[in-house]
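Chemist: Would you mind keeping the following structure in view while I ask a few things?
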């Protein structure tokens with residue numbers, strides 16, 4: 001099994017290697033180091049993984065947890081207003097199962113969006129009036145209105161979007177990309193996670209950015225909006241940087257002694273990760289310090305960007321991380337699970353996310369980074385076109401809906417000002433250009449120059465991949 005360290009030899013001081021490392025770990029801590037260390041296996045750079053010249057060097061994934069309502073944001077469906085209050089036609093539902101939250105309702109009344117829609121940009125992209133900033137960058141993005149998934153509840157849905165499987169324990173997208181691409185900056189992780197602070201909603205768990213059966217060094221490293229951006233990284237009281245350097249030098253001496261005896265690639269990699277942790281003590285405070293940004297930049301992202309941990313601040317930090325060579329930057333923003341209060345809930349969420357998302361695209365473009373940075377916005381599924389609970393045209397809820405939903409992508413080799421796919425007039429089923437979760441992952445890997453069928457990892461007798469056993473590149477969205 002991968003990630004199992006070799007054991008059984010003694011250090012010159014009569015203790016096992018594991019004991020020696022544990023006693024010398026100090027303030028770095030075993031919890032933090034589990035994010036920084038792994039087996040001796042290096043990231044595969046062999047040409048066999050490559051499909052074409054990469055269009056993107058990095059990904060910033062703005063994940064909107066909870067399931068944003070596609071028909072209230074991007075998928076304009078005037079027919080729902082025309083037939084508001086009428087029953088969802090059987091010819092549209094086609095006997096498809098519903099969740100337990102609305103499956104037992106005696107009535108499934110259609111309800112249209114309370115927001116006004118208009119077309120924007122040269123491509124005429126439809127967006128609701130709650131997205132005034134995103135609408136201004138419509139010509140930079142591709143909206144995919146024909147996404148679909150197999151998961152109908154949040155846990156499996158988020159897990160599927162983040163790992164290509166509804167089963168917990170598989171490697172996350174960022175981990176697969178770290179494994180496939182290696183690292184561009186020896187002083188920072190290749191996969192960083194940012195979570196909006198103090199947001200309610202469906203819980204987020206660390207396995208969503210875990211490396212699963214891949215070597216542990218490909219875990220996502222979460223940066224927190226606190227004094228210590230990475231837990232257990234800083235030195236404990238009484239241990240200064242000079243002492244830390246001395247400790248690592250002594251550890252290196254032990255390392256060289258053992259290598260001279262019989263060689264140990266796992267130990268060599270582990271020591272390298274200790275060294276990375278030491279360098280991160282300097283690099284992380286530097287990259288997370290937003291006070292060096294100009295007033296104009298804060299005005300672009302919104303005043304919320306001045307408050308650490310907000311979605312706006314995390315978008316700004318994502319740009320800084322991209323500049324420093326971090327290759328997969330995952331933002332999580334909760335609060336889109338609107339089983340009730342759709343009008344007010346979407347207004348609140350858009351107020352928090354619209355301006356920063358658009359600002360990120362504008363900022364990247366101004367700095368010459370958008371061309372090779374793929375930005376993705378979207379959640380785990382969509383919402384129903386009918387009202388959950390008692391019908392109320394002004395304050396209603398929508399249930400989970402996996403059969404179609406919307407995401408958008410920008411930069412990194414995708415078309416701008418383009419809308420892909422189509423749903424029926426009721427926004428219930430995909431009727432053209434369907435994009436499965438595996439297709440989405442295959443396309444993302446392709447833009448990074450990776451063949452999704454050849455980026456595999458052998459585990460328990462099987463060669464696994466992010467796209468499981470199917471998936472195809474959606475060529476229509478490629479620039």
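The values are calculated or read from the model by the stated rules, or taken from the named source; none is laboratory data. Note that the structure is a prediction, hence the values are computed from the model and not measured. Every residue, glycine as well, gets a Cβ built from its backbone with ideal geometry; the counts of neighbours run over all protein chains shown.
Chemist: Which numbered condition in (1) under 13 Å from residue 178 (Cβ atoms); (2) buried (at least 24 other Cβ atoms within 10 Å of the Cβ); (3) modelled with pLDDT under 50; (4) in contact with a helix residue (DSSP H, G or I) (Cβ under 6 Å, 6 or more places away or on another chain) is the only one that residue 58 fails?
Modeler: (3) is the only condition that residue 58 fails.
Chemist: Just to be sure I understand, how many residues within region 164-200 are in a helix (DSSP H, G or I), over 25 Å from residue 308 (Cα atoms) and in contact with a helix residue (DSSP H, G or I) (Cβ under 7 Å, 6 or more places away or on another chain)? Give the derivation first.
Modeler: Going through region 164-200, the residues in a helix (DSSP H, G or I) turn out to be 173-181.
From what's left, over 25 Å from residue 308 (Cα atoms): 173, 175-181.
From what's left, in contact with a helix residue (DSSP H, G or I) (Cβ under 7 Å, 6 or more places away or on another chain): 173, 175, 178-180.
Summing the residues that are in a helix (DSSP H, G or I), over 25 Å from residue 308 (Cα atoms) and in contact with a helix residue (DSSP H, G or I) (Cβ under 7 Å, 6 or more places away or on another chain) in region 164-200 gives 5.
Chemist: Does any residue of region 90-102 turn out to be at pLDDT 95 or above, closer than 15 Å to residue 354 by Cα and out of contact with any helix residue (DSSP H, G or I) (no Cβ under 9 Å at 6 or more places or on another chain)?
Modeler: No: region 90-102 contains no residue that is at pLDDT 95 or above, closer than 15 Å to residue 354 by Cα and out of contact with any helix residue (DSSP H, G or I) (no Cβ under 9 Å at 6 or more places or on another chain).
Chemist: Now for a separate question. Examine region 2-22 for a residue that is surrounded by fewer than 14 Cβ atoms within 10 Å (Cβ to Cβ), at positive phi and either touching a helix residue (DSSP H, G or I) at 6+ places or on another chain (Cβ under 7 Å) or at pLDDT 50 or above (or both), and state whether such a residue exists.
Modeler: No, that holds for no residue.
Chemist: So residue 375 clears everything in (1) farther than 30 Å from residue 97 by Cα; (2) at pLDDT 95 or above; (3) surrounded by fewer than 21 Cβ atoms within 10 Å (Cβ to Cβ) except one condition, right? Which one?
Modeler: Unmet condition: (3).
Chemist: Anything in region 334-344 that is surrounded by 22 or more Cβ atoms within 10 Å (Cβ to Cβ) and under 17 Å from residue 116 (Cα atoms)? List them, or say none.
Modeler: Scanning region 334-344 gives a single hit, 342.
Chemist: Quick check on residue 127: is it touching a strand residue (DSSP E or B) at 6+ places or on another chain (Cβ under 6 Å) and outside any helix (DSSP H, G or I)? Spell out the reasoning first.
Modeler: On the way: touching a strand residue (DSSP E or B) at 6+ places or on another chain (Cβ under 6 Å): yes; outside any helix (DSSP H, G or I): yes.
Criteria met by residue 127.
Chemist: While we're looking at this one, here's another question. Which one is surrounded by the most Cβ atoms within 10 Å (Cβ to Cβ), of the residues in region 249-264 that are assigned to a helix (DSSP H, G or I) and within 38 Å of the chain's Cα centre (by Cα)?
Modeler: Looking at the filtered set, the residue picked out is 255.
Chemist: Can you name the residue in region 433-479 that is assigned to a strand (DSSP E or B) and touching a residue at least 24 places away in the same chain (Cβ under 8 Å) and, of all such residues, is surrounded by the most Cβ atoms within 10 Å (Cβ to Cβ)?
Modeler: Restricting to residues being assigned to a strand (DSSP E or B) and touching a residue at least 24 places away in the same chain (Cβ under 8 Å), the top hit is 435.
Chemist: If I filter region 201-234 down to residues being within 13 Å of the chain's Cα centre (by Cα) and in a helix (DSSP H, G or I), which single residue comes out as surrounded by the most Cβ atoms within 10 Å (Cβ to Cβ)?
Modeler: Per the stated criteria, the residue is 209.
Chemist: Quick one: which residue in 246, 237 is out of contact with any helix residue (DSSP H, G or I) (no Cβ under 7 Å at 6 or more places or on another chain) and not in a helix (DSSP H, G or I)?
Modeler: Going through 246, 237 in turn, just one is out of contact with any helix residue (DSSP H, G or I) (no Cβ under 7 Å at 6 or more places or on another chain) and not in a helix (DSSP H, G or I): 237.
Chemist: Considering only region 294-333, how many residues are within 17 Å of the chain's Cα centre (by Cα), assigned to a loop (DSSP other than H, G, I, E, B) and either surrounded by fewer than 21 Cβ atoms within 10 Å (Cβ to Cβ) or without any contact (Cβ under 8 Å) to a residue 60 or more places away in the chain (or both)?
Modeler: 2
Chemist: Being surrounded by fewer than 24 Cβ atoms within 10 Å (Cβ to Cβ), touching a strand residue (DSSP E or B) at 6+ places or on another chain (Cβ under 6 Å) and under 23 Å from residue 120 (Cα atoms) narrows it down to one residue among 417, 411, 421; which is it?
Modeler: Exactly one of 417, 411, 421 is surrounded by fewer than 24 Cβ atoms within 10 Å (Cβ to Cβ), touching a strand residue (DSSP E or B) at 6+ places or on another chain (Cβ under 6 Å) and under 23 Å from residue 120 (Cα atoms), namely 421.
Chemist: Restricted to region 162-200, and to residues that are crowded, with 16+ Cβ neighbours inside 10 Å and over 26 Å from residue 54 (Cα atoms), which residue is modelled with the lowest pLDDT?
Modeler: The selected residue is 199.
Chemist: Among the residues that make up region 276-288, is at least one of them outside any helix (DSSP H, G or I) and either at pLDDT 95 or above or surrounded by fewer than 16 Cβ atoms within 10 Å (Cβ to Cβ) (or both)? Can you show your working first?
Modeler: Filtering region 276-288 for residues outside any helix (DSSP H, G or I) gives 288.
Going one step further and asking which of them are either at pLDDT 95 or above or surrounded by fewer than 16 Cβ atoms within 10 Å (Cβ to Cβ) (or both), we end up with none.
No; the residues of region 276-288 include none that is outside any helix (DSSP H, G or I) and either at pLDDT 95 or above or surrounded by fewer than 16 Cβ atoms within 10 Å (Cβ to Cβ) (or both).
Chemist: Just need a number here: residues in region 132-161 that are out of contact with any strand residue (DSSP E or B) (no Cβ under 9 Å at 6 or more places or on another chain) and either part of a helix (DSSP H, G or I) or surrounded by 24 or more Cβ atoms within 10 Å (Cβ to Cβ) (or both).
Modeler: 4
Chemist: Pairs, please: C-beta under 8 Å, at least 6 apart or cross-chain, first residue on the phi > 0 side of the Ramachandran plot and surrounded by fewer than 16 Cβ atoms within 10 Å (Cβ to Cβ) and in region 93-111, second modelled with pLDDT of 95 or more and in a loop (DSSP other than H, G, I, E, B)?
Modeler: Here the result reads 94/429, each pair linking region 93-111 to a residue that is modelled with pLDDT of 95 or more and in a loop (DSSP other than H, G, I, E, B).
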